[in-house]
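Note sheet for the following structure.
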Amino acid sequence: MIPVLVFSAWFKLLSMAERDYSFPVFLLVDVPLMNLGVTVFFCLLLVALKWMLIGRVRPGIHPLWSCWCSRWDFLYVAWGIYARPALTLLEGTLLLNWYLRAMGSRIGRNVVLGGGFAQVVDPDMLNFEEGSTVTCHFQAHTFEDRVLKIDHVWIRKGATVAGNAVMLYGGDVGANTYVAPHSVVMKREVLLPGRSYAGCPVTIQRNQESIKLQSQSI
């Protein structure tokens, strides 16, 4: 019912604006502002839903058919319907970083995010320290024997986790460490600071420059 009510109000306000303002003002000012207002409303609605439904998520274990898992799943579906279309336009900007912080992510200053962050499954589990570059995928939860297990992932200061790499829950990438594209950081795996890693699962690379050149060619 929420979209029905919102768009009914949007249509009524547009009708009133068309009657009260000249056509150029209506087309160039009123319509963009009302469209922006609807978009911002749905994004803020998602923030409110997140904190009302599940609050601050902590590492833990939840039965698959529990009320908590149902609320957790409902939030993800609602995010895709209400907010993802607008947030996709913000990918690559600092505005998306601010929104993810409002949803519970811990993102430091000067963090560069790649694509795919317009909709996040476990925002509370993402911890990116300042100066890091993040273009990978995350699996901060798993379903094992009908049990949801969830935990933090950490990307420390100045680290880079490249495109199409995957981090499983509990993974910790050390400061100034580089993880090559298409690599996999396993559950609760800790990567040493200042090193380069590649592979599935990752192994340490002795020549840091060579692995970066290989990743650029990919």
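A few points about this structure:
- Hey, Pro193 over 23 Å from Val47 (Cα atoms), touching a helix residue (DSSP H, G or I) at 6+ places or on another chain (Cβ under 8 Å) and either in the same structural domain as Phe74 (by TED's automatic domain parsing) or part of a helix (DSSP H, G or I) (or both) or not: no
- Residues (under 15 Å from Ser132 (Cβ atoms) and not aromatic (Phe, Trp, Tyr)) located in segment 168-194: Gly171, Asp172, Val173, Gly174, Ala175, Asn176, Thr177, Val179, Val185, Leu191, Pro193, Gly194
- Only one of the listed residues (Trp72, Trp65) is surrounded by 14 or more Cβ atoms within 10 Å (Cβ to Cβ), at pLDDT 85 or above and in the same structural domain as Asp122 (by TED's automatic domain parsing). That residue is Trp72.
- Taking the criterion of being closer than 19 Å to Leu113 by Cβ, over 19 Å from the mean Cα position of the chain (by Cα) and assigned to a loop (DSSP other than H, G, I, E, B), the residues of segment 167-180 that qualify are Ala175, Asn176, Thr177, Ala180.
- Those residues of segment 96-145 which are under 25 Å from Ile61 (Cβ atoms), in contact with a Gly (Cβ under 6 Å, 6 or more places away or on another chain) and surrounded by fewer than 20 Cβ atoms within 10 Å (Cβ to Cβ), in sequence order: Gln119
- Lone qualifier among Met167, Met103 - being assigned by TED's automatic domain parsing to the domain that holds Trp79, of a type outside the set (Gly, Ala, Ser), touching a residue at least 24 places away in the same chain (Cβ under 8 Å) and touching a Cys at 6+ places or on another chain (Cβ under 7 Å): Met167
- Boolean, Leu148 is in contact with a Cys (Cβ under 6 Å, 6 or more places away or on another chain) and buried (at least 17 other Cβ atoms within 10 Å of the Cβ): yes
Matching residues to (1) under 23 Å from Tyr178 (Cβ atoms); (2) among the small types (Gly, Ala, Ser):
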residue: Leu89; (1), (2): no, no
residue: Leu95; (1), (2): no, no
residue: Tyr99; (1), (2): no, no
residue: Ser105; (1), (2): yes, yes
residue: Val111; (1), (2): yes, no
residue: Phe117; (1), (2): yes, no
residue: Phe128; (1), (2): yes, no
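- Counting only strands (runs of 3 or more DSSP E) wholly contained in segment 59-166, the ones carrying 2 or more residues that are over 15 Å from the mean Cα position of the chain (by Cα) occupy 60-63, 141-143, 147-150.
The values are calculated or read from the model by the stated rules, or taken from the named source; none is laboratory data. Just so it is clear, the structure is predicted and the values come from calculations on it, not from any experiment. Every residue, glycine among them, receives a Cβ derived from its backbone with ideal geometry; neighbour counts consider all protein chains shown.
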